[in-house]
Each structure stands twice: as structure tokens, then as C-alpha cells.
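J.: Sharing a structure below in C-alpha cells format, with a few things to ask.
The values are calculated or read from the model by the stated rules, or taken from the named source; none is laboratory data. Treat the numbers as computed from the prediction; the structure is a model and nothing was measured. As a convention, Cβ positions derive from the backbone with ideal geometry for all residues, glycine included, and neighbour counts pool all protein chains shown.
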Ligand SMILES: NC(=O)c1ccc[n+]([C@@H]2O[C@H](COP(=O)([O-])OP(=O)(O)OC[C@H]3O[C@@H](n4cnc5c(N)ncnc54)[C@H](OP(=O)(O)O)[C@@H]3O)[C@@H](O)[C@H]2O)c1
């Protein structure tokens, strides 16, 4: 495959740095442009991140260390160099929505980690294994934006990427009610223990907006395209409580589910082991070989031991058992900045390239 020239908007942030590492030796994608706020613009990437590079064991990729950081608001300057961009910025929602549309309107597809465009009914919110087919809505979005190639695709919030993959193979048992409590790592707030010492030995029972995202976003992922829009699944009704815990990476969830058609334990385990994903035959470079892994050991999954499963792209599940109030309960885990952010974005981009949604620009 001819290499795609790509840009990272928000390259200096936590997700942007992860993207820089993931794309370092990517077989299809080459980072040729990095952009961030005006605070970083005009510095080399190395200078811009030198006091906040989050990965002590991994150096800044040499190929981008000397690139000059552009101001993300200079849309033409970025777009003229790239086939598409990844976007992960910390800005107000309306500013992000406007910025992403500006890029799309220069015929530059945007693969976004931000929440601003997630609930638009013509923007696919992708976990490619589960709902890659939602990309079909891109034609509708292009009509709205007046573009030929440009569009926005997003990935869902990191908090849902442990339990939605576990629920998805069980949807024909019609889960009616889900109670999920998440235990979320500090990198999800763009932080390390150095930059957030108050989190050492601590749990904070509030993450702004997270409960709501964790209750609504799954319904879009599990929804379907009808009448030129993505229509949310009607069930399950989800109650979520999201807690920040003293872990560096990895979001865990404790989940209880009540079904309309109650499956047996064996049926659930069989679905988790054998349900075929939508990308199973596509040979995408970042796809995990095994999407869902069930641990028989009752002390697993553990955040530190299991978050890196399948290069941080696998979902770990354990402790399936009967629930005296609901039907079943279990625990699941995903890596928040890999599967839940940068890695999920890269996998979505690979899917969209493979399926022909991202053309080369002949740069
Ligand atoms: N961390 C996670 O696990 C995670 C997971 C899923 C989704 N997300 C989402 O991804 C996005 C980025 O998160 P993060 O954790 O990487 O944040 P972060 O570490 O705070 O980084 C923010 C990035 O945004 C840039 N930025 C800030 N203001 C800007 C402006 N006015 N114009 C252009 N760029 C600007 C920053 O550039 P400067 O360095 O120049 O300030 C930096 O590159 C957020 O929308 C977040 O909700 C994060």
C-alpha cells in the first residue's frame, strides 16, 4: 500500500504523544506534520514536549523530533502537507467542532479522539470490530459539509471501551439494564503522578461529564444506520459511576447485566470466545489477534498485568458470575490511551483506508 502522509493535531498532549509513538514505524502511515496550540507553535517537537514527555522508557521518535510544530489554527498550512489528520486537543467543545469541520472542508479527513462531534448523527463513532459498518454514514456527512473527500470520524470515550466490547456479542440476548462502575487511570486526564501528585494513594469519585458519556455513547456504538442517520440502540439502559483511581494507565469496569432473554454462563463465554468481529478478515496492522480474552483466574484481569494485552488493543474480561440482583456480573479492562484513544484512532484510520474512505491527495 502507498504510504499516507499524516498529521497529528494536539501532538504535544498525552494522546498526541501516544499517537507519535504508535505511528513511529507504522507500515501505512508517515507523520509529516505536527500541530498544537500557539504556545508550542514555532518550536521543534522535541523542544515543545521536552519537560512533559510522558514515556520515560521510550524516546521521542527521531523522525518527528525535529519537525517544527505548527499552530493548529493554520488549517491550510497543515492540510496541504497531509492526506488526513489525527486530532486530540484540549479545547472548548464548540472550538473543537469548528476546527475539525475546517479541516474536513479542506478535504482532509479527521480521525478524532475528541468528544465534540461524537453525538452528531452523521459522524461515525467507531470501535471498528463492532461497528465499522457505521462508516457508510460518511457519504451523508460529506453532503452536509459539501466535501468530496473530507469527513470526521470519531472514537468513543475511553471509559466505555472495556464494557461495550463485552456487551456487544451478547446483544441478541437483549440486555435490558446495565450497571457499570469504572476505575479509571490518571493518564485519562492527560496526567502522570508527577503532574498530579494529589492522586497518589487516592480515589476521586468524580470525572466531569464521564458518567453521562458512559451511559449514552454505548447506545450509538451499538446502534444502526436508518434513514441517513445513525440511530441509537434503544437498550440497554445504563447506569454508570466513573471513579478516578491511582493507576497510571488502564480503565477497569465492574459490570452487572440483566437480560430479556437470559443466557447461560456457557453461552456468554462462547460468545466472548467466538464472535467474529467486523475486521476479522481485513488484516489491519493494529488489530489485536484476539479482541476479547476471558481469564479463568479469579484475580484477573489486573490493571498492571493485563492492560498491555495485544499491544494494549485487546479487551480483558474476568470473574463472570451470577448476580443476585441482576442476572450476571463480570469485570473488564482496556488500555485507555491505546485501545481507548490513540490506538483506537489508528485502528479506525486503518479501517477507513482499507475500505476506501480516505483517498491519497497526490501531495
Ligand atoms: N488521555 C486519554 O486517555 C484520552 C482518552 C480519550 C480521549 N481523550 C481526548 O483527547 C483529547 C486530548 O486529550 P489529552 O489527554 O491528550 O490532553 P492534553 O494532554 O491536555 O493535550 C492537549 C493537546 O491539545 C493542544 N491544545 C490545547 N489548546 C489548544 C488550542 N487552542 N489549539 C490547538 N491545540 C491546543 C495542546 O497543545 P499545547 O501543548 O501547545 O498546549 C496539546 O497538544 C481530549 O479531547 C480528551 O478528551 C483523551
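J.: Output yes when any residue across region 312-322 is surrounded by fewer than 23 Cβ atoms within 10 Å (Cβ to Cβ), under 22 Å from residue 246 (Cβ atoms) and in contact with a strand residue (DSSP E or B) (Cβ under 8 Å, 6 or more places away or on another chain), and no when none is.
T.: yes
J.: For residue 326, all conditions in the list (1) without any contact (Cβ under 8 Å) to a residue 60 or more places away in the chain; (2) over 22 Å from residue 337 (Cα atoms); (3) assigned to a loop (DSSP other than H, G, I, E, B) hold save one; what is the number of the exception?
T.: Result: residue 326 fails condition (1) only.
J.: Here is a further query. Taking the residues in region 94-107 that are in contact with a strand residue (DSSP E or B) (Cβ under 9 Å, 6 or more places away or on another chain) and touching a residue at least 60 places away in the same chain (Cβ under 8 Å) as candidates, determine which candidate is farthest from the ligand (Cβ to nearest atom).
T.: So, considering only residues that are in contact with a strand residue (DSSP E or B) (Cβ under 9 Å, 6 or more places away or on another chain) and touching a residue at least 60 places away in the same chain (Cβ under 8 Å), the one farthest from the ligand (Cβ to nearest atom) is 103.
J.: For the subset of region 60-80 comprising residues that are more than 25 Å from the chain's Cα centre (by Cα) and within 22 Å of residue 104 (Cβ to Cβ), which member is nearest to the ligand (Cβ to nearest atom)?
T.: Result: 74.
J.: Here is a follow-up. Being under 20 Å from residue 257 (Cα atoms) and within 16 Å of the chain's Cα centre (by Cα), is that true of even one residue in region 222-231?
T.: Yes, the conditions are met somewhere in region 222-231.
J.: Pick from region 1-17 the residues that are outside any loop (DSSP other than H, G, I, E, B) and modelled with pLDDT of 95 or more: which of them is farthest from residue 67 (Cα to Cα)?
T.: 4
J.: Among the residues of region 60-97, which ones are assigned to a loop (DSSP other than H, G, I, E, B) and closer than 15 Å to residue 45 by Cα?
T.: Passing the criteria: 60, 61, 66, 67, 69, 72.
J.: Counting only residues that are touching a residue at least 40 places away in the same chain (Cβ under 8 Å) and more than 17 Å from residue 99 (Cα to Cα), which one in region 25-46 is surrounded by the fewest Cβ atoms within 10 Å (Cβ to Cβ)?
T.: Only one residue tops the list, namely 27.
J.: Does residue 356 qualify as being modelled with pLDDT of 95 or more, more than 16 Å from the ligand (Cβ to nearest atom) and part of a loop (DSSP other than H, G, I, E, B)?
T.: Answer is yes for this residue.
J.: Might you check whether a residue that is within 8 Å of the ligand (Cβ to nearest atom), touching a strand residue (DSSP E or B) at 6+ places or on another chain (Cβ under 7 Å), closer than 29 Å to residue 354 by Cβ and not in a loop (DSSP other than H, G, I, E, B) occurs anywhere in region 36-59?
T.: Checked against the condition, which is being within 8 Å of the ligand (Cβ to nearest atom), touching a strand residue (DSSP E or B) at 6+ places or on another chain (Cβ under 7 Å), closer than 29 Å to residue 354 by Cβ and not in a loop (DSSP other than H, G, I, E, B), region 36-59 yields no hits at all.
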